[in-house]
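To start, the structure under review is shown below, and the notes come after it.
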Amino acid sequence: MSTGPDVKATVGDISNDGNLNMAQEECSRKGFCSVRHGLALILQLCNFSIYTQQMNLSIAIPAMVNNTAPPSQPNASTEWPSTDSQDYWNETLKEFKAMAPAYDWSPEIQGIILSSLNYGSFLAPIPSGYVAGIFGAKYVVGAGLFISSFLTLFIPLAANAGVALLIVLRIVQGIAQVMVLTGQYSIWVKWAPPLERSQLTTIAGSGSMLGSFIVLLVGGLLCQTIGWPYVFYIFGGIGCACCLLWFPLIYDDPVNHPFISAAEKRYIVCSLAQQDCSPGWSLPIRAMIKSLPLWAILISYFCEYWLFYTIMAYTPTYTPTYISSVLQANLRDSGILSALPFVVGCICIILGGLLADFLLSRKILRLITIRKLFTAIGVLFPSVILVSLPWVRSSHSMTMTFLVLSSAISSFCESGALVNFLDIAPRYTGFLKGLLQVFAHIAGAISPTAAGFFISQDSEFGWRNVFLLSAAVNISGLVFYLIFGRADVQDWAKEQTFTHL
(Lines give C-alpha, C1' and ligand atoms only; values in the text may rest on other atoms or scores of the structure.)
Protein backbone atom coordinates (compact mmCIF):
# COMPACT_ATOMS: atom_id res chain seq x y z
CA MET A 1 0.00 0.00 0.00
CA SER A 2 1.45 3.35 -1.02
CA THR A 3 2.34 5.94 1.54
CA GLY A 4 0.86 9.41 1.48
CA PRO A 5 4.05 11.19 0.25
CA ASP A 6 4.50 8.68 -2.57
CA VAL A 7 0.96 9.20 -3.80
CA LYS A 8 1.21 13.00 -3.54
CA ALA A 9 4.48 12.97 -5.47
CA THR A 10 2.91 10.87 -8.18
CA VAL A 11 -0.10 13.16 -8.33
CA GLY A 12 2.15 16.18 -8.61
CA ASP A 13 4.08 14.66 -11.50
CA ILE A 14 0.93 13.72 -13.33
CA SER A 15 -0.77 17.05 -12.66
CA ASN A 16 2.19 18.89 -14.06
CA ASP A 17 1.81 16.93 -17.30
CA GLY A 18 -1.75 18.20 -17.62
CA ASN A 19 -2.81 14.98 -19.30
CA LEU A 20 -5.89 14.12 -17.26
CA ASN A 21 -8.30 14.67 -20.15
CA MET A 22 -6.16 12.61 -22.50
CA ALA A 23 -5.87 9.81 -19.95
CA GLN A 24 -9.62 9.89 -19.38
CA GLU A 25 -10.30 9.59 -23.10
CA GLU A 26 -7.90 6.66 -23.43
CA CYS A 27 -9.44 4.90 -20.46
CA SER A 28 -12.98 5.50 -21.68
CA ARG A 29 -12.12 3.84 -24.97
CA LYS A 30 -10.87 0.78 -23.12
CA GLY A 31 -14.21 0.51 -21.30
CA PHE A 32 -14.65 -2.72 -19.36
CA CYS A 33 -11.20 -3.97 -20.40
CA SER A 34 -9.58 -1.70 -17.81
CA VAL A 35 -7.85 -3.06 -14.73
CA ARG A 36 -10.30 -1.31 -12.39
CA HIS A 37 -13.25 -3.04 -14.07
CA GLY A 38 -11.38 -6.32 -13.89
CA LEU A 39 -11.01 -5.70 -10.17
CA ALA A 40 -14.77 -5.13 -9.96
CA LEU A 41 -15.41 -8.44 -11.73
CA ILE A 42 -13.09 -10.32 -9.38
CA LEU A 43 -14.90 -8.74 -6.42
CA GLN A 44 -18.17 -9.80 -8.04
CA LEU A 45 -16.91 -13.39 -8.05
CA CYS A 46 -15.86 -13.02 -4.40
CA ASN A 47 -19.31 -11.78 -3.42
CA PHE A 48 -20.85 -14.58 -5.48
CA SER A 49 -18.81 -17.13 -3.53
CA ILE A 50 -19.57 -15.61 -0.14
CA TYR A 51 -23.32 -15.48 -0.71
CA THR A 52 -23.48 -19.06 -1.99
CA GLN A 53 -21.60 -20.11 1.14
CA GLN A 54 -23.96 -18.10 3.33
CA MET A 55 -27.05 -19.70 1.86
CA ASN A 56 -25.94 -23.26 1.08
CA LEU A 57 -26.74 -24.68 4.52
CA SER A 58 -30.24 -23.21 4.40
CA ILE A 59 -30.72 -25.02 1.10
CA ALA A 60 -29.13 -28.28 2.20
CA ILE A 61 -30.51 -28.68 5.72
CA PRO A 62 -33.86 -30.22 4.63
CA ALA A 63 -31.84 -33.00 2.99
CA MET A 64 -29.50 -33.27 5.99
CA VAL A 65 -32.33 -33.90 8.47
CA ASN A 66 -34.06 -37.26 8.77
CA ASN A 67 -37.59 -36.33 9.81
CA THR A 68 -38.87 -39.92 9.83
CA ALA A 69 -36.22 -41.53 12.01
CA PRO A 70 -36.98 -42.28 15.70
CA PRO A 71 -35.45 -39.92 18.28
CA SER A 72 -31.76 -40.46 18.97
CA GLN A 73 -28.65 -38.51 19.81
CA PRO A 74 -28.56 -34.98 18.33
CA ASN A 75 -25.83 -35.93 15.88
CA ALA A 76 -26.76 -39.55 15.21
CA SER A 77 -26.79 -40.22 11.49
CA THR A 78 -28.66 -42.68 9.31
CA GLU A 79 -28.21 -43.66 5.71
CA TRP A 80 -30.04 -41.47 3.23
CA PRO A 81 -33.26 -43.25 2.16
CA SER A 82 -32.96 -44.73 -1.29
CA THR A 83 -35.64 -45.22 -3.93
CA ASP A 84 -36.14 -48.04 -6.43
CA SER A 85 -35.17 -47.19 -9.97
CA GLN A 86 -35.07 -48.95 -13.32
CA ASP A 87 -32.77 -46.46 -14.88
CA TYR A 88 -28.97 -46.73 -14.73
CA TRP A 89 -28.61 -42.98 -14.15
CA ASN A 90 -30.96 -43.11 -11.21
CA GLU A 91 -29.01 -46.08 -9.83
CA THR A 92 -25.82 -44.06 -10.07
CA LEU A 93 -27.43 -41.14 -8.31
CA LYS A 94 -28.72 -43.55 -5.71
CA GLU A 95 -25.16 -44.63 -4.92
CA PHE A 96 -24.13 -40.99 -4.49
CA LYS A 97 -27.05 -40.22 -2.21
CA ALA A 98 -26.51 -43.36 -0.12
CA MET A 99 -23.21 -41.84 0.97
CA ALA A 100 -24.92 -38.74 2.36
CA PRO A 101 -26.05 -39.20 5.97
CA ALA A 102 -29.13 -37.70 7.54
CA TYR A 103 -29.21 -36.40 11.10
CA ASP A 104 -31.83 -36.42 13.82
CA TRP A 105 -31.66 -32.72 14.57
CA SER A 106 -34.63 -31.15 16.31
CA PRO A 107 -36.06 -27.88 14.95
CA GLU A 108 -34.38 -26.06 17.83
CA ILE A 109 -30.95 -27.46 16.94
CA GLN A 110 -31.51 -26.64 13.28
CA GLY A 111 -32.34 -23.06 14.21
CA ILE A 112 -29.18 -22.72 16.31
CA ILE A 113 -27.03 -24.15 13.50
CA LEU A 114 -28.52 -21.82 10.90
CA SER A 115 -28.32 -18.72 13.08
CA SER A 116 -24.77 -19.44 14.31
CA LEU A 117 -23.41 -17.90 11.11
CA ASN A 118 -24.64 -14.51 12.36
CA TYR A 119 -23.31 -14.73 15.92
CA GLY A 120 -20.26 -12.66 15.04
CA SER A 121 -22.08 -10.35 12.66
CA PHE A 122 -22.72 -7.65 15.26
CA LEU A 123 -19.12 -7.50 16.51
CA ALA A 124 -16.95 -8.27 13.47
CA PRO A 125 -17.95 -5.62 10.86
CA ILE A 126 -16.52 -2.54 12.58
CA PRO A 127 -13.09 -4.07 13.43
CA SER A 128 -12.90 -5.64 9.95
CA GLY A 129 -13.69 -2.37 8.22
CA TYR A 130 -11.29 -0.41 10.42
CA VAL A 131 -8.40 -2.83 9.83
CA ALA A 132 -9.08 -2.92 6.07
CA GLY A 133 -9.05 0.88 6.00
CA ILE A 134 -5.70 1.07 7.78
CA PHE A 135 -3.78 -1.86 6.31
CA GLY A 136 -5.58 -2.32 2.99
CA ALA A 137 -8.33 -4.60 1.75
CA LYS A 138 -6.19 -7.11 -0.14
CA TYR A 139 -5.19 -9.30 2.79
CA VAL A 140 -8.28 -8.69 4.92
CA VAL A 141 -10.67 -9.68 2.12
CA GLY A 142 -8.38 -12.41 0.79
CA ALA A 143 -7.97 -14.01 4.21
CA GLY A 144 -11.71 -13.87 4.86
CA LEU A 145 -12.52 -15.43 1.49
CA PHE A 146 -10.00 -18.24 1.96
CA ILE A 147 -11.08 -19.05 5.52
CA SER A 148 -14.78 -19.09 4.61
CA SER A 149 -14.22 -21.21 1.49
CA PHE A 150 -11.87 -23.63 3.22
CA LEU A 151 -14.26 -24.15 6.13
CA THR A 152 -17.16 -24.69 3.72
CA LEU A 153 -15.38 -27.78 2.42
CA PHE A 154 -15.33 -29.21 5.95
CA ILE A 155 -18.98 -28.65 6.86
CA PRO A 156 -19.95 -32.28 6.00
CA LEU A 157 -17.12 -33.59 8.22
CA ALA A 158 -18.07 -31.19 11.00
CA ALA A 159 -21.69 -32.33 10.81
CA ASN A 160 -20.53 -35.92 11.27
CA ALA A 161 -18.26 -34.97 14.17
CA GLY A 162 -20.98 -33.25 16.17
CA VAL A 163 -23.31 -30.30 16.42
CA ALA A 164 -20.94 -28.34 18.68
CA LEU A 165 -18.09 -28.46 16.16
CA LEU A 166 -20.44 -27.49 13.34
CA ILE A 167 -21.67 -24.45 15.28
CA VAL A 168 -18.10 -23.32 16.07
CA LEU A 169 -17.14 -23.73 12.43
CA ARG A 170 -20.14 -21.68 11.35
CA ILE A 171 -19.30 -18.88 13.80
CA VAL A 172 -15.74 -18.62 12.48
CA GLN A 173 -17.04 -18.80 8.92
CA GLY A 174 -19.50 -15.98 9.59
CA ILE A 175 -16.73 -13.72 10.92
CA ALA A 176 -14.61 -14.51 7.84
CA GLN A 177 -17.52 -13.62 5.54
CA VAL A 178 -17.97 -10.30 7.33
CA MET A 179 -14.29 -9.56 6.60
CA VAL A 180 -15.02 -9.93 2.88
CA LEU A 181 -18.30 -8.02 2.76
CA THR A 182 -17.03 -5.13 4.89
CA GLY A 183 -13.38 -4.83 3.94
CA GLN A 184 -13.84 -4.75 0.18
CA TYR A 185 -15.14 -1.17 0.08
CA SER A 186 -11.81 0.21 1.27
CA ILE A 187 -10.31 -0.77 -2.06
CA TRP A 188 -12.52 1.68 -3.98
CA VAL A 189 -11.10 4.64 -2.08
CA LYS A 190 -7.96 4.35 -4.22
CA TRP A 191 -9.41 2.66 -7.31
CA ALA A 192 -12.78 4.25 -8.11
CA PRO A 193 -12.77 7.60 -9.95
CA PRO A 194 -15.72 9.75 -8.79
CA LEU A 195 -17.37 9.51 -12.21
CA GLU A 196 -17.26 5.68 -12.10
CA ARG A 197 -17.86 5.05 -8.41
CA SER A 198 -21.44 3.84 -8.82
CA GLN A 199 -20.81 1.41 -11.66
CA LEU A 200 -17.70 -0.15 -10.10
CA THR A 201 -19.35 -0.71 -6.71
CA THR A 202 -22.55 -2.06 -8.26
CA ILE A 203 -20.70 -4.46 -10.57
CA ALA A 204 -18.89 -5.84 -7.53
CA GLY A 205 -22.02 -5.87 -5.37
CA SER A 206 -24.14 -7.63 -7.99
CA GLY A 207 -22.27 -10.83 -7.15
CA SER A 208 -24.38 -11.15 -4.02
CA MET A 209 -27.56 -11.31 -6.08
CA LEU A 210 -25.98 -13.65 -8.61
CA GLY A 211 -24.81 -15.99 -5.87
CA SER A 212 -28.25 -16.03 -4.26
CA PHE A 213 -29.83 -16.79 -7.64
CA ILE A 214 -27.49 -19.67 -8.44
CA VAL A 215 -27.67 -21.36 -5.05
CA LEU A 216 -31.47 -21.14 -5.01
CA LEU A 217 -31.63 -22.48 -8.55
CA VAL A 218 -29.24 -25.43 -8.32
CA GLY A 219 -28.81 -26.06 -4.59
CA GLY A 220 -31.93 -28.18 -4.21
CA LEU A 221 -31.18 -30.02 -7.44
CA LEU A 222 -27.70 -30.95 -6.21
CA CYS A 223 -29.16 -32.26 -2.95
CA GLN A 224 -31.71 -34.38 -4.81
CA THR A 225 -29.26 -35.80 -7.34
CA ILE A 226 -25.70 -36.26 -6.06
CA GLY A 227 -26.29 -35.58 -2.36
CA TRP A 228 -26.16 -32.58 -0.01
CA PRO A 229 -22.37 -32.73 0.76
CA TYR A 230 -21.63 -31.68 -2.82
CA VAL A 231 -23.40 -28.37 -2.26
CA PHE A 232 -20.59 -27.50 0.13
CA TYR A 233 -17.82 -29.09 -1.93
CA ILE A 234 -18.77 -27.28 -5.12
CA PHE A 235 -19.33 -23.79 -3.71
CA GLY A 236 -16.41 -24.08 -1.31
CA GLY A 237 -14.21 -25.12 -4.21
CA ILE A 238 -15.34 -22.11 -6.25
CA GLY A 239 -14.35 -19.84 -3.37
CA CYS A 240 -10.90 -21.44 -3.10
CA ALA A 241 -10.43 -21.01 -6.86
CA CYS A 242 -11.37 -17.35 -6.49
CA CYS A 243 -8.51 -16.94 -3.99
CA LEU A 244 -6.11 -17.96 -6.77
CA LEU A 245 -7.28 -14.89 -8.69
CA TRP A 246 -7.48 -12.55 -5.74
CA PHE A 247 -3.99 -12.65 -4.27
CA PRO A 248 -1.88 -12.26 -7.45
CA LEU A 249 -4.19 -9.78 -9.25
CA ILE A 250 -5.52 -7.47 -6.54
CA TYR A 251 -3.56 -4.50 -5.21
CA ASP A 252 -4.74 -1.84 -2.75
CA ASP A 253 -3.35 1.01 -4.83
CA PRO A 254 -3.21 1.42 -8.63
CA VAL A 255 0.22 3.03 -8.26
CA ASN A 256 1.66 -0.36 -7.24
CA HIS A 257 -0.25 -2.58 -9.69
CA PRO A 258 2.15 -4.32 -12.10
CA PHE A 259 -0.30 -4.78 -14.98
CA ILE A 260 -2.07 -1.41 -15.13
CA SER A 261 -1.38 0.88 -18.08
CA ALA A 262 0.24 4.27 -17.56
CA ALA A 263 -2.84 6.02 -18.98
CA GLU A 264 -5.24 4.29 -16.62
CA LYS A 265 -2.99 4.88 -13.62
CA ARG A 266 -2.72 8.54 -14.59
CA TYR A 267 -6.49 8.87 -14.93
CA ILE A 268 -7.30 7.22 -11.59
CA VAL A 269 -4.69 9.09 -9.56
CA CYS A 270 -5.54 12.47 -11.14
CA SER A 271 -9.27 12.02 -10.63
CA LEU A 272 -8.67 11.35 -6.93
CA ALA A 273 -5.99 14.01 -6.47
CA GLN A 274 -8.33 16.40 -4.65
CA GLN A 275 -9.72 13.69 -2.40
CA ASP A 276 -8.08 13.10 0.96
CA CYS A 277 -8.29 9.35 1.23
CA SER A 278 -5.34 8.67 3.53
CA PRO A 279 -6.68 6.56 6.41
CA GLY A 280 -6.15 7.72 9.96
CA TRP A 281 -5.61 5.60 13.04
CA SER A 282 -7.88 7.79 15.16
CA LEU A 283 -11.57 8.34 14.51
CA PRO A 284 -13.63 11.53 14.99
CA ILE A 285 -16.31 9.66 16.91
CA ARG A 286 -17.85 12.76 18.50
CA ALA A 287 -18.14 14.52 15.14
CA MET A 288 -19.63 11.37 13.58
CA ILE A 289 -22.29 11.15 16.27
CA LYS A 290 -23.28 14.77 15.59
CA SER A 291 -23.27 14.36 11.79
CA LEU A 292 -26.82 14.41 10.39
CA PRO A 293 -25.68 13.37 6.87
CA LEU A 294 -24.11 10.25 8.39
CA TRP A 295 -27.23 9.52 10.42
CA ALA A 296 -29.28 9.95 7.24
CA ILE A 297 -27.25 7.18 5.60
CA LEU A 298 -27.38 4.94 8.68
CA ILE A 299 -31.16 5.26 9.06
CA SER A 300 -31.71 4.84 5.34
CA TYR A 301 -29.48 1.75 5.40
CA PHE A 302 -31.48 0.25 8.26
CA CYS A 303 -34.84 0.94 6.60
CA GLU A 304 -33.83 -0.29 3.15
CA TYR A 305 -32.37 -3.50 4.56
CA TRP A 306 -35.56 -4.01 6.51
CA LEU A 307 -37.31 -4.29 3.16
CA PHE A 308 -34.46 -6.36 1.71
CA TYR A 309 -34.62 -8.91 4.52
CA THR A 310 -38.40 -9.11 4.18
CA ILE A 311 -38.62 -9.81 0.45
CA MET A 312 -35.19 -10.96 -0.66
CA ALA A 313 -34.05 -12.39 2.61
CA TYR A 314 -30.46 -12.95 3.72
CA THR A 315 -31.34 -16.63 3.72
CA PRO A 316 -34.15 -18.11 1.60
CA THR A 317 -36.79 -17.96 4.32
CA TYR A 318 -39.80 -15.76 3.75
CA THR A 319 -39.86 -15.38 -0.03
CA PRO A 320 -40.16 -19.17 -0.56
CA THR A 321 -42.62 -19.24 2.36
CA TYR A 322 -44.82 -16.64 0.67
CA ILE A 323 -44.62 -18.46 -2.67
CA SER A 324 -45.36 -21.88 -1.20
CA SER A 325 -47.99 -20.89 1.38
CA VAL A 326 -49.90 -18.23 -0.54
CA LEU A 327 -49.31 -19.29 -4.15
CA GLN A 328 -49.45 -23.00 -3.29
CA ALA A 329 -46.38 -23.78 -5.41
CA ASN A 330 -44.53 -27.08 -4.96
CA LEU A 331 -41.00 -27.26 -3.56
CA ARG A 332 -39.18 -27.39 -6.89
CA ASP A 333 -41.19 -24.56 -8.43
CA SER A 334 -40.86 -22.58 -5.21
CA GLY A 335 -37.07 -22.69 -5.47
CA ILE A 336 -37.09 -21.58 -9.10
CA LEU A 337 -39.63 -18.81 -8.50
CA SER A 338 -37.73 -17.62 -5.43
CA ALA A 339 -34.58 -17.24 -7.55
CA LEU A 340 -36.18 -14.96 -10.16
CA PRO A 341 -36.06 -11.71 -8.12
CA PHE A 342 -32.36 -12.24 -7.47
CA VAL A 343 -31.28 -12.61 -11.09
CA VAL A 344 -33.35 -9.59 -12.14
CA GLY A 345 -31.94 -7.63 -9.22
CA CYS A 346 -28.40 -8.57 -10.28
CA ILE A 347 -28.92 -7.12 -13.75
CA CYS A 348 -30.69 -3.98 -12.54
CA ILE A 349 -28.04 -3.18 -9.92
CA ILE A 350 -25.42 -2.95 -12.68
CA LEU A 351 -27.70 -0.96 -14.99
CA GLY A 352 -28.51 1.46 -12.16
CA GLY A 353 -24.82 2.07 -11.50
CA LEU A 354 -24.13 2.72 -15.19
CA LEU A 355 -27.08 5.12 -15.39
CA ALA A 356 -25.99 7.02 -12.26
CA ASP A 357 -22.47 7.54 -13.60
CA PHE A 358 -23.83 8.53 -17.02
CA LEU A 359 -25.98 11.27 -15.47
CA LEU A 360 -23.02 12.47 -13.41
CA SER A 361 -20.38 12.37 -16.18
CA ARG A 362 -22.66 14.25 -18.59
CA LYS A 363 -23.40 16.79 -15.86
CA ILE A 364 -27.12 16.22 -16.27
CA LEU A 365 -27.63 15.99 -12.49
CA ARG A 366 -25.53 16.82 -9.43
CA LEU A 367 -24.19 13.97 -7.34
CA ILE A 368 -26.49 14.61 -4.36
CA THR A 369 -29.48 14.81 -6.71
CA ILE A 370 -28.56 11.44 -8.21
CA ARG A 371 -28.16 9.85 -4.79
CA LYS A 372 -31.53 11.13 -3.54
CA LEU A 373 -33.37 10.46 -6.81
CA PHE A 374 -32.17 6.87 -7.04
CA THR A 375 -32.95 6.29 -3.37
CA ALA A 376 -36.46 7.69 -3.79
CA ILE A 377 -37.12 5.49 -6.84
CA GLY A 378 -35.71 2.44 -5.06
CA VAL A 379 -37.95 3.01 -2.04
CA LEU A 380 -41.26 4.44 -3.23
CA PHE A 381 -42.06 2.14 -6.15
CA PRO A 382 -41.21 -1.14 -4.36
CA SER A 383 -43.21 0.00 -1.34
CA VAL A 384 -46.28 0.62 -3.51
CA ILE A 385 -45.77 -2.70 -5.28
CA LEU A 386 -45.45 -4.68 -2.06
CA VAL A 387 -48.50 -3.09 -0.47
CA SER A 388 -50.44 -4.12 -3.59
CA LEU A 389 -49.33 -7.78 -3.40
CA PRO A 390 -52.18 -9.09 -1.20
CA TRP A 391 -54.75 -7.85 -3.74
CA VAL A 392 -53.22 -9.76 -6.66
CA ARG A 393 -52.51 -13.05 -4.86
CA SER A 394 -55.14 -14.85 -6.92
CA SER A 395 -52.91 -14.46 -9.98
CA HIS A 396 -49.64 -16.39 -9.75
CA SER A 397 -48.10 -14.63 -12.73
CA MET A 398 -49.07 -11.17 -11.47
CA THR A 399 -47.68 -11.90 -7.99
CA MET A 400 -44.33 -13.06 -9.39
CA THR A 401 -44.24 -10.04 -11.69
CA PHE A 402 -44.72 -7.75 -8.70
CA LEU A 403 -42.00 -9.52 -6.70
CA VAL A 404 -39.56 -9.29 -9.61
CA LEU A 405 -40.40 -5.61 -10.21
CA SER A 406 -39.87 -4.87 -6.53
CA SER A 407 -36.44 -6.48 -6.66
CA ALA A 408 -35.52 -4.69 -9.89
CA ILE A 409 -36.52 -1.20 -8.79
CA SER A 410 -35.20 -1.48 -5.24
CA SER A 411 -31.75 -2.16 -6.72
CA PHE A 412 -31.55 1.57 -7.58
CA CYS A 413 -30.77 2.18 -3.90
CA GLU A 414 -27.35 0.62 -4.51
CA SER A 415 -26.47 3.74 -6.49
CA GLY A 416 -28.21 5.98 -3.98
CA ALA A 417 -27.96 6.01 -0.20
CA LEU A 418 -26.20 2.65 0.03
CA VAL A 419 -23.03 3.98 -1.60
CA ASN A 420 -23.28 7.53 -0.22
CA PHE A 421 -20.81 6.85 2.61
CA LEU A 422 -18.03 6.73 0.00
CA ASP A 423 -18.92 10.31 -0.95
CA ILE A 424 -19.03 11.94 2.48
CA ALA A 425 -16.05 10.27 4.18
CA PRO A 426 -13.62 8.41 1.89
CA ARG A 427 -10.95 8.43 4.64
CA TYR A 428 -13.15 6.32 6.90
CA THR A 429 -14.81 4.10 4.27
CA GLY A 430 -13.87 0.82 5.95
CA PHE A 431 -15.03 1.86 9.40
CA LEU A 432 -18.28 3.36 8.11
CA LYS A 433 -19.07 0.29 6.03
CA GLY A 434 -18.64 -1.80 9.15
CA LEU A 435 -20.97 0.51 11.06
CA LEU A 436 -23.53 0.31 8.26
CA GLN A 437 -23.29 -3.48 8.30
CA VAL A 438 -24.19 -3.45 11.98
CA PHE A 439 -27.32 -1.41 11.21
CA ALA A 440 -28.15 -3.82 8.39
CA HIS A 441 -27.78 -6.81 10.74
CA ILE A 442 -30.03 -5.13 13.29
CA ALA A 443 -32.66 -4.74 10.58
CA GLY A 444 -32.08 -8.36 9.62
CA ALA A 445 -32.68 -9.45 13.20
CA ILE A 446 -35.87 -7.43 13.70
CA SER A 447 -37.51 -7.66 10.26
CA PRO A 448 -37.87 -11.48 9.96
CA THR A 449 -39.00 -11.65 13.58
CA ALA A 450 -41.76 -9.12 12.90
CA ALA A 451 -42.69 -10.92 9.69
CA GLY A 452 -42.84 -14.25 11.54
CA PHE A 453 -45.12 -12.74 14.17
CA PHE A 454 -47.61 -11.42 11.62
CA ILE A 455 -47.54 -14.60 9.55
CA SER A 456 -48.10 -16.79 12.61
CA GLN A 457 -51.28 -14.83 13.32
CA ASP A 458 -52.64 -15.36 9.82
CA SER A 459 -50.65 -17.04 7.01
CA GLU A 460 -52.65 -15.19 4.34
CA PHE A 461 -53.53 -11.72 5.64
CA GLY A 462 -50.42 -11.61 7.80
CA TRP A 463 -48.40 -10.83 4.69
CA ARG A 464 -50.49 -7.70 4.14
CA ASN A 465 -49.39 -6.39 7.53
CA VAL A 466 -45.78 -7.39 6.84
CA PHE A 467 -45.75 -5.39 3.60
CA LEU A 468 -47.54 -2.40 5.15
CA LEU A 469 -45.02 -2.27 8.00
CA SER A 470 -42.07 -2.61 5.61
CA ALA A 471 -43.41 0.19 3.42
CA ALA A 472 -43.92 2.48 6.43
CA VAL A 473 -40.40 1.83 7.77
CA ASN A 474 -38.82 2.31 4.35
CA ILE A 475 -40.63 5.56 3.53
CA SER A 476 -39.77 6.97 6.96
CA GLY A 477 -36.10 6.35 6.26
CA LEU A 478 -36.44 7.93 2.82
CA VAL A 479 -37.93 11.14 4.23
CA PHE A 480 -35.08 11.47 6.73
CA TYR A 481 -32.49 10.88 4.00
CA LEU A 482 -34.07 13.39 1.60
CA ILE A 483 -33.93 16.07 4.30
CA PHE A 484 -30.46 15.49 5.73
CA GLY A 485 -28.56 13.55 3.04
CA ARG A 486 -25.40 15.13 1.57
CA ALA A 487 -22.82 14.07 -1.03
CA ASP A 488 -19.87 16.36 -0.27
CA VAL A 489 -16.95 15.35 1.94
CA GLN A 490 -17.80 16.30 5.50
CA ASP A 491 -15.51 18.51 7.59
CA TRP A 492 -14.85 15.75 10.10
CA ALA A 493 -13.69 13.47 7.26
CA LYS A 494 -11.00 15.90 6.14
CA GLU A 495 -7.48 15.95 7.50
CA GLN A 496 -7.57 18.13 10.58
CA THR A 497 -5.49 18.77 13.65
CA PHE A 498 -8.17 18.56 16.33
CA THR A 499 -8.18 15.73 18.84
CA HIS A 500 -10.13 12.66 17.76
CA LEU A 501 -12.17 10.62 20.17
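Some values worked out for this structure:
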item	result
Top-ranked residue of segment 226-260 - restricted to ones that are more than 18 Å from I187 (Cβ to Cβ) and β-branched (V, I, T), ranked as least open to solvent (accessible area, probe 1.4 Å)	V231
Residue check, A192 under 20 Å from the mean Cα position of the chain (by Cα), over 27 Å from F122 (Cβ atoms) and assigned by the TED database to the domain that holds F146	yes
Filter result (within 24 Å of Q490 (Cβ to Cβ) and in contact with an Asp or Glu (Cβ under 8 Å, 6 or more places away or on another chain)) within segment 236-285	D276, S278, G280
Residue ID - nearest to V178 (Cα to Cα), chosen from residues in segment 449-463 that are open to solvent by 30 Å² or more (accessible area, probe 1.4 Å) and either not in a helix (DSSP H, G or I) or not hydrophobic (A, V, I, L, M, F, W, C) (or both)	T449
Wholly enclosed helices (runs of 4 or more DSSP H) of segment 110-191 bearing at least 3 residues open to solvent by 10 Å² or more (accessible area, probe 1.4 Å) and over 16 Å from I50 (Cα atoms)	125-135, 155-161, 163-183
Qualifying residues in segment 414-436 (those that are within 19 Å of the chain's Cα centre (by Cα) and open to solvent by 10 Å² or more (accessible area, probe 1.4 Å)) - the one farthest from F302 (Cα to Cα)	F431
A204 being buried (at least 24 other Cβ atoms within 10 Å of the Cβ), among the aliphatic types (A, V, I, L, M) and under 25 Å from A408 (Cα atoms)	yes
Residue check, G237 in a helix (DSSP H, G or I) and either at positive phi or not β-branched (V, I, T) (or both)	yes
Pairs, first without any contact (Cβ under 8 Å) to a residue 40 or more places away in the chain in segment 390-406, second open to solvent by less than 20 Å² (accessible area, probe 1.4 Å) and of a type in the set (V, I, T), C-beta under 9 Å, six or more apart	V392/T399
Qualifying residue in segment 249-270 (condition: of a type outside the set (A, V, I, L, M, F, W, C), assigned to a helix (DSSP H, G or I) and under 30 Å from P341 (Cα atoms))	no
Sole exception among (1) over 15 Å from K433 (Cβ atoms); (2) surrounded by fewer than 19 Cβ atoms within 10 Å (Cβ to Cβ); (3) in contact (Cβ under 8 Å) with a residue 60 or more places away in the chain for L210, by number	(2)
Residues of segment 125-170 that turn out to be of a type in the set (A, V, I, L, M) and over 19 Å from the mean Cα position of the chain (by Cα), as a count	16
From the options S383, S411, residue that is open to solvent by less than 30 Å² (accessible area, probe 1.4 Å), closer than 22 Å to V180 by Cβ, outside the structural domain of G129 (by the TED database) and polar (S, T, N, Q)	S411
Some residue of segment 361-368 being within 21 Å of L298 (Cβ to Cβ), modelled with pLDDT of 95 or more and open to solvent by 40 Å² or more (accessible area, probe 1.4 Å)	yes
W246 assigned to a helix (DSSP H, G or I) and under 17 Å from L45 (Cβ atoms)	yes
Per-region count, segment 477-495, residues within 23 Å of the chain's Cα centre (by Cα) and in a helix (DSSP H, G or I)	3
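The values are calculated or read from the model by the stated rules, or taken from the named source; none is laboratory data. All figures in this text were calculated on a predicted structure; none of them were measured in a lab. A quick note on method: Cβ atoms are made from the backbone with ideal geometry, for glycine too, and the neighbour counts reach across all protein chains shown. Note: accessible area is taken over every heavy atom of the protein model, side chains too, but ligands, DNA and RNA are not part of it. Shrake-Rupley method; radii C 1.70, N 1.55, O 1.52, S 1.80 Å.
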